[in-house]
Each structure stands twice: as structure tokens, then as C-alpha cells.
């Protein structure tokens, strides 16, 4: 499935919509993973299938290893200061297990430094603009002035790590790097002993050969990137490029079959460094953090190879990989006028900017085109870096990066809203090759808060709650993304909140290293005034360098204690207002923690009785620290509402460790289903205290329809299902045990929302009711409501459990009254198992109303929340009958014998003793059957059984409940019924449920309109392919063994070209198939009936087959409303040839006669004409018109099932059947006996 921000490696090219997030899910090279072993391990010999380490080899033996090999050839004298690349291995295996799952098995073993899958990358090009002026960017970067200083050096090598490079392109060929040792060596021999045979002009790291040329049309990206960096210049053809005559080392890593970037580009980077490349350009991104990639870039950097990467095309403030690795130079894109390109990613991790919009360059086959993207910006910068290396050949990789960055032009005067987020400026080639070191512009540090915590442990009471009068210590950790550091960084804390007084407000003259973290423990302190009210307090952290203001960011703490903590984990979104608006409206105080401020600890949440934690669509969600805090919180009796689309995906499928899935299984009490329920509506569960009666559409506001991914899952037996999607997949659950939990696979903000919904304006009734009921369910005064009782002589026992055993609260208090009098308020008694109070018996019949409360210095809390709707029960003789409702409505069925599960809700004020299910048949209503029903959650369930019923018989059923009262009151449900019918829908697809079908290669749903809804097509939203053979197969057979005749009926629309054919095939065993119908032709629409009586068996299999030739395509074959009809009346059209056409009209006697319940009526017609056959009773009343239509010449047979025009069974007796046509009229008599 295509999705997700920050997931797959993607070449940043022209096809990403401007402003869209990178929405891809990770894909891996199949049956392969990377593992790095510790330095104390022996090198694994070539050809060996084990490591020589027992615990590693035990796992290897279970995955059918086929090969273990070093990712690069062995390096005998590897400098110990470099990453140990000799112990990085590629393991290939044959078991059908996901590489990320396999890699996890090794992750925590001794001697394993890391293990991870190998990502596949994807190209994502920004569309070109043919009206851009050719190579507008070269004057902007002062290229001509730079070329007056140097036109590059053929000894400077720029490695282009990309999909493919056209070695013979007229404007690249003279600049392609040549490995002269291999060029003059022996073919088939590794002459330079680097482990790569005949690598004359680079290497293909996808196909593992020495040909990096493009093979398929989509491999045009690398050729364009190579031209951006160093196309041959001043040669009278094509384009110019900054690198002029710097050499290009082509390193290909795309697959030749489909263009996927599945090659080992990390190995390509290592190869480039080993070959002495001065630079690598890497115009791809995404994929998340990889230790293997970091090792590769670090290895290259230490050998003097500087790597430049494209920052990304998301138009988002986000860090992408590999651009955000240390030792890598991240390049953003600018357009004309030095403005940030509309598509370019921006972030503190960006090191420099470069022109990337509408860049004209080479594409395969001696062609040229304009592309846009940071994929273009990066090689333009790399070309300039090649000029620098030509002019200053002794520069290290670090010095080269600094010179490129410190000579860039400042563009923040016109990009002020992106200050520090576009690096040091826009590249300037002339400055880069001509400035002396003392002319360098200052490069500021670019620091981001990566962790923040506050504590009252030293100067407060240490309970994690920040109370009036306490002093709070602040810890922060800041990461410097810049390639330079500083010894003169000042960090300040300030606030405009009058409740706070800053005590320690500055950390001065801090030393900050390049691309490193600075930890400031207890660096700041603030005191809270004695009169401070509860709520969120905001303060500001600002950073200065050499007296210059750089960036700042807000942090916040919660003063005091609130009953609800909202954890805003939506990665900067605005959905928190959906929750806060509802809480404000119902008057419940709350605090907010923005997860972007850093992780929460248990100490920070231990005093929050209820947590509402939403993730919207943030990545990643619930990391290890979050799960650690929540685990301890729940283990100590917490109450949690958790929600978010793709939260389940993050915990179950996003690469990580096994603790993610363990948390989902053990603490969310569910097994994972999937991340796309595929529908847009949900319904509550009848009788459920949270969701009963709720039904709504779902939509994640602010995202297009293609980015809607509501999770589904399977609740464990100890949890309760609270919502289902319209396709019956599960959306929500509740759990009540040692803690309380509500979890939904999409957030409250989606309930009843649209793409444009915003809070507070669009908060709706569904959201409000749901949150109110959820808070009642999570109420931290836990109490099971008392029910009516007939015992008026015993004391009334009230019991509650309180969150944290009521620590920090006054109470709990019981408030009760009899018969609407004044409330009595009493302190409840503490026990080892909660709190209790015994109210003396009233010794009479009374109505008891009650509620509970606790208080502290900040708020009052009650159960129920709304004390206008208190708990109540009656004491005294019970005469109230149980209510029996929501009796399941069973659909009509074609089965003559079978069973049906029935559910019903039964409630009673004093408790339900038992429920029984009763049923009878319409043909024998005096015989009533019954069975006991068993409780199942909120419902009672029982099974109706029947045998050998006739078509059109009805089964009536109802339920009776008995209560626990001394009177034994009974309650009755409504009576419902279902009919044994002759017609059933195999599928209509209107609910978008295709689970019972194997859709082959391309079959899928298509949407017609709101009335017709969905049908099936062989190639939805596209023309079918030439030379195609594709099947739509019903996965399970249907049973026809109880019937005398059977038909398939379906709607079809054919838009098939001549010689392209659709067929329906039937099989008795699923192996041997027989065609029973075929169709071809354009614009043929009809409802088709097919006789399958000859295939009556215990199992009948069905499939639809489309077969096309090479003559052309069309929109294909459409199918909908597939029905099965049994023992019913349909004409069987004759297959008589012309010689057998009857010479006269006739109407035969029905057979059998007498009959029950089916008889056959045959007739003959010598000409094509309208024919009608009708059934009448003895009084001449029309019973049924069983056939009417234009009929071809021949003998035909109709079967009739003794039903009237309403499909109801008729009584026994004598009936007449009459044939009427233009030329013939005939009536005959028949006898029906039941």
C-alpha cells in the first residue's frame, strides 16, 4: 500500500504533488537483511552459511540461509579509526518471512551491533516546466565568474549514486570516469583487486554487474542528475554544468525489470570512497534511520569523500534520511529570485540551499529536459563542490563542506519565515573558489530541542505535580545540526506568565560541537507563585550566538493537578481543539502536554487520573519511552483513552523491536488486523455503554481521501468490542480490569467529520456524546451501579475504588437520598479493597438515588459526571417485567435444512434469570419449538434449527426473558420471521466487501453512483490490458444438494472488443472448470440467467474469466448483483437446430402431475413471437404470471415452484395453466398436493 510520511527511500523527483507529505510505507529487498557483528568476532568465510556464533547460528538455521557475504570486498588493512565495514554482512535466505521480522530476531543478541532490512527506494520526480528559461540557475550561482578561476579538474571525481546513468550521452561521455587499471586489464579478471570485476565505468549495485546504463524508460533520473553536476561544458552542444570537466563516477542501484531502487546504495557509497571519489551525490530520501547507511556515509567521510543529499520535496518542516545523518550535507531547493522552491523540504537539518526548480539537463538518448526537485539542487551544489576540490585539492571532507557553506549567499532577507531552515544560504560558485578563509561568512549553530523535562524532586514535594509555592528544575537537551560549532552560545529562559518567576534564566558561553547534542541538566529553575491557579504555563527558550538572536521555541508545564491530562501527540497538528472544546463545554478541567516538548515519564503522569492520548497520523507513534510511561501508569490502575489512525500500524508493522507488538497485544488487549479498513463509516454496538446508538461517517480532517487509514483489530476475550466499521471490521474496544482502557482505530476528531472540519466550529454531537460516555466509563471513582432489590431489611452496601487509592483527595463521599428527599453526605470507609459505606436498611419500599465525589485543592470530581443524572434503584416488591429488545433480524435463506444464530438484548431492573428462544413454522404453527439462550457479553444467544422445509415456508421466532424477582416476571420480544426462499444474493459488493472473492490480477470494485453504489470490473478506472487472462473467483463453493433446480442471475455490462471474451465457469471440485456462459461486444447491458441445474452437488464453485488478445483495449466487463435462484420457474431455452423446429404450436401436460412443490411445463412454437404463461385457480383468479417474453422457435420448458406472484406458497388444489400468443391459445389443468 502506498503511504506514510518518513518511511521509504524515495528519489526526490517530479511526481510528488507540491505540498504533499511523503506518504510511503517501507518496502524491503525480499529475503535479505544486513547484520553487523562486533570486532571480537571472526570474519565469516566466503561460502559459509553460519557465523560460528552459537546463538546467531541457531536463528540462521531456522530461516533457510542461502548466502552470507560481506557487503563490500574484504579490506585487509582497514584503518581502525574507520567504521569496521569488514564485519557488515548481507544475509540471503529462502523462508517466506519479512526481512524486518527476521532482522528483529538478531537485534538484541550478543556480538550483534545491528541488524536491519535493506530498504527499496522509489523515484518521486517533481513535474517539469517547459517554459523555464534554459539554465537560469548558472548566472544566479555566479558560475561564469567561478569558471574564470577554475573549470574543474579531471582528477576530481563526483560519484552519482542514482537509478542509472547514460554513459554514451553526447554531453556526458567525455566526463565519465574510467578505471584505467580495469580498462587496460584482462576481461573477466578483477585487475585492481577491489572485488568488482571489470568495473571500468562504475558499477550496477542492483544487477551486480559493470553496466550502470539505463535499460528501461523510467531510468532517466540519474542521467539528469549527472548532467546537473558535471555535464561536459564548452563543447558546443547540450547544457553546461558547474563541474565543467570534473569526472562522473556512475553508480547505479535501480532494478532493470521495474525501475525500483532495490540496489545496495550504501555499498555504492563505500565503493565510491574506496575508488577515491571526492564527492557522492545522493538524490533520494526517506526510509527512516539506518545504522548501515550511517556507517557507509561515515566511512566515506573519514576517507575524504563528502556526500551531498537532497533534503526532500515535502514542503514540510521535517528531517529526512539520509539528508539528516551527520557527515552528510543536506541540500534544499531554491527558485528564481532566491525564494525557497514551493516543494522543498525545510528544516534545521538542512545545511545549504541550491537552485532546483526547472533545471535543464541531460536525459537518456542524447535528449534534454527540465526537471524540478531537491534531486536537482543537490547535484548543482555537488558540481560547485567539485570546482572547490579542483581549486583546493588538499581539503578534507569537513573543510570542503565548510567552504561550500561559508561562501553561500544569505537569502533570509526574502525567506525570513524560514530562518535557519534553509542552511547557510544559497550556493555561490565564485565565492566558493575565490574566497580566502578570513572572508568566510559566519555559519550559525542550528539547535533544536530534542528532550525536555521538569522536576519538583529537589525543590518541591517530588510528587510530579507542579504545585503553587514549589520550585521547578528544568532539563533540556539540544541538538546542533550545523556542520560547525561554537564556544559562545547563550541559552535563555523567559516567560510572560505572571504565575511563574524565573530564578535561573541563562546558561552562558556554552560550548556546542558540530552535529552533536548538549545536555543542560537542571540548567534553569522557576518558582510557582503561592496563589497560582491550575492550568498550562508556557515559557520560552531562546538561543544566541555571539550576541545574535537565532531561534527560539516554546515549552510548557501544567500547574497543579487536573483530572484529565491530554497528550497532544499529533506532531504539530490542531486536532487537540476537538477534545478541549468538548471538555470546556461540559466544564471539566484538563491539562495538555505537547509530545513535541519531549517524552513523558511515569512521574509526570502518575497523578493524572485520566489520560486522553491521541496521535492523529503522527510518525512515529508511542515510542519506547512513551510505552514505558504508559505501561507503568496502567499497571498502577490508570484510565486511558488512546486513538489514532495508523497507531496500530506503527506498533505492529513499522520496523522496531518486539516490545511494540507486545504492548499492543498485552496492554491494548487486541491482535493487529490492518491499517486500512477500506470504508468510511462506523456503528456502535447495541447495549454498549459507550457506543450504543451511535452511527457516523469517519474522515481524518485536513487530509485527502487517499490518506485515510483507519486501523482495525481483533479484541481479546477480556476486552469488549465497542465499534464496527460498516464492513464488519472492528474499530474500537474497551477494557475493564486492573486498569480501564478505551482504544479506537481512528480518533474522535474523525467522527462525523469531513476534510474541511476544524474545531471548535465543527465539533459535533457524535464526538460530544462519545467523549462524555468514555469519561463515564473511565471515571476514576470506579463503581458498579446497584440494581433493584426486593430485600428491604438488609443494609445497603456501597463500594468504590479510587485512582491512586484516593491519594491527594478528600473523600470519597457518598451522597444518597430516599424518595426524592434531601441528600445525606457521608465519608466512606477505607478498606484494603477500596472504600465502602453501609446505609441502614429502610425497612420499606423506597427509591434510592445516589452519587459519589472526591475533592482536592484544584477540582471536585463526581461519579456520575453529571449529577443531574444520578444512580438510582428501587427497594421493594418487583412487578416490572424484563425488557427484551433488539431481536436479531435474520435474512431470508434458501437452505431447506439448517441452523441460524439469534441474538437478543434482555435487561431487567432486578436482573435477568434466563432467556429462551421460541420458533414455529407457517405450515404448522401449532408446533412450537424452544431452546435456552446463553449470555454473550451484552447479548443472549440461541440457535434455531430446522429440517426439510419446503420453499416459501416461513419461520417465526421470538424470545422470552424471566427476571430474578420473587414473582418471576416475564418479558417478551417482538416476533420476527424469515422465509425459506428461492433466491439469495451471493454478493452485491455495495458494502465494499470483497473478502469472499479472489480478485486475481486486476479485478476490483468500481463506483457507479449513490443509488447503484459498487460493482465489479476487470480493470477498474482503466482499460484492460492486451493479451490478458484474469479470473474473479468465489473462494468458497455453494451447496445446491437440497434443490431440484438452480440458476445464476447477474447484471452484466460488456464493453469488450471483438475477440475479447468474458466467460462464466462452474466446477464441482475447484480443479476442472466448465464454461456455462460467454459474452463479448461493446455496449451490451442485460440481466442474465444461467441454468446450473446440471451442476447440483454438495459443492459448486464459480468464477468469472476475461481473456483478451493483442488487437486493442477497452473498459472491459462489468458485473453486479450476483444471485443464486433455486427451485423456481424460469424458461429453459431450446438448443434445437433448424431441422428440429416444430411445425405447430403445442402446450404439454405438466410433469409430474400431481406435483409437490415443483413441476415442469413444456411448450413449442414454430415462429418467433411473444408468449405468456399464466396460472389460475378454480375461480379464475390469476395466481401468477410465470413467463412472458419474445420466444425463439423451438421447444421450451418452464419450471414452477407453486408460488404466487408474491413468492408465497399456495394451498393444495386444482389449478389451470394457460399459454397465450399471437397465433395460439391453450389451457390445461394440473393438481398440486402438499
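Coordinate-derived values only; no laboratory data. Keep in mind that what you see is a predicted model, and the values were worked out from it rather than measured. Methodologically, a virtual Cβ is constructed for each residue, glycine included, from the backbone with ideal geometry; neighbour enumeration extends over all protein chains shown.
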Taking the highest mean first, how do the peptides 408-420, 829-841, 99-111, 224-236 order by number of other beta carbon atoms within 10 angstrom per residue?
-> 224-236, 99-111, 408-420, 829-841
Net lengthening on full extension, residue 893/residue 1214 (0.36 nm per residue, minus Cα-Cα) | 112.7 nm
Using 7 Å Cα-to-Cβ label points, what is the residue 1085/residue 151 separation (nm, one decimal)?
-> 6.9 nm
Cut-off 12 Å, label 7 Å out along Cα→Cβ of residue 487, residues of the range 508-546 by amide N = 510-512
Sorted by average packing, counted as other Cβ atoms within 10 angstrom per residue and highest first, what order do 889-899, 138-148, 773-783 take?
-> 773-783, 138-148, 889-899
Given labels modelled 7 Å from the Cα in the Cβ direction, how far is it in nm from residue 365 to residue 1059?
-> 2.7 nm
Roughly speaking, what % of Cα-Cα pairs in the range 984-1126 are separated by over 24 Å, rounded to a whole number?
-> 28 percent
For 906-914, 69-77, ranked highest to lowest by mean beta-carbon neighbours within 10 Å, the order is 906-914, 69-77
Between the modelled labels at residue 680 and residue 970 (7 Å from Cα along Cα→Cβ) the distance in nm is 5.0 nm
Specify the inter-centroid distance of the range 366-416 and the range 135-160, based on alpha-carbon positions, in whole Å.
-> 9 Å
Expressed as a rounded percentage, what relative contact order does the range 883-981 have, with Cα pairs under 8 Å and six or more residues apart?
-> 37 percent
Residue 926 to residue 109: FRET efficiency via 1/(1 + (r/R0)^6), r the Cβ-Cβ distance, R0 56 Å, to the nearest 0.05?
-> 0.15
FRET efficiency for residue 624 and residue 1008 from the Cβ-Cβ distance with R0 = 41 Å, rounded to 0.05, comes out at 0.30
DSSP beta bridge pairing in the chain, given as percent antiparallel to the nearest 5 = 80 percent
Cα-based Kirkwood hydrodynamic radius, the range 28-119, one decimal, Å = 13.3 Å
Sites residue 84 and residue 998 - FRET efficiency at Förster radius 45 Å, r taken between beta-carbons, to 0.05 = 0.40
Helix 291-302 versus the longest principal axis of the chain: what angle, 0 to 90°, nearest 10, using Cα atoms?
-> 10 degrees
Mind sorting out which of (1) 64, 34, 26; (2) 58, 47, 36; (3) 65, 50, 25 is the real semi-axes √(5λ) of the Cα gyration tensor in Å computed from the coordinates?
-> (3)
Sum of -39500 (n - 2.57) over DSSP H runs of 4+, divided by residues of the chain (222 nm, nearest 500) | -3500 deg cm²/dmol
Considering Cα pairs under 8 angstrom that are at least six residues apart, work out the relative contact order of the range 569-778 and quote it in whole percent.
-> 23 percent
Gain upon complete extension [residue 184, residue 92; 0.36 nm per residue less C-alpha separation] = 29.7 nm
Just subtract the alpha-carbon distance of residue 836 and residue 471 from 0.36 nm times their residue separation and send over the number in nm, one decimal.
-> 127.6 nm
Where does helix 374-391 land angle-wise versus the long Cα axis of the chain, in degrees 0 to 90, nearest 10?
-> 20 degrees
Which whole-angstrom value gives the distance between the alpha carbon centres of the range 597-653 and the range 494-562?
-> 25 Å
Would you work out if the range 416-485 is rounded, prolate or oblate? Take a ≥ b ≥ c from the square roots of the eigenvalues of the alpha-carbon gyration tensor; rounded if a/c is under 1.5, else prolate when a/b is larger than b/c, oblate otherwise.
-> prolate
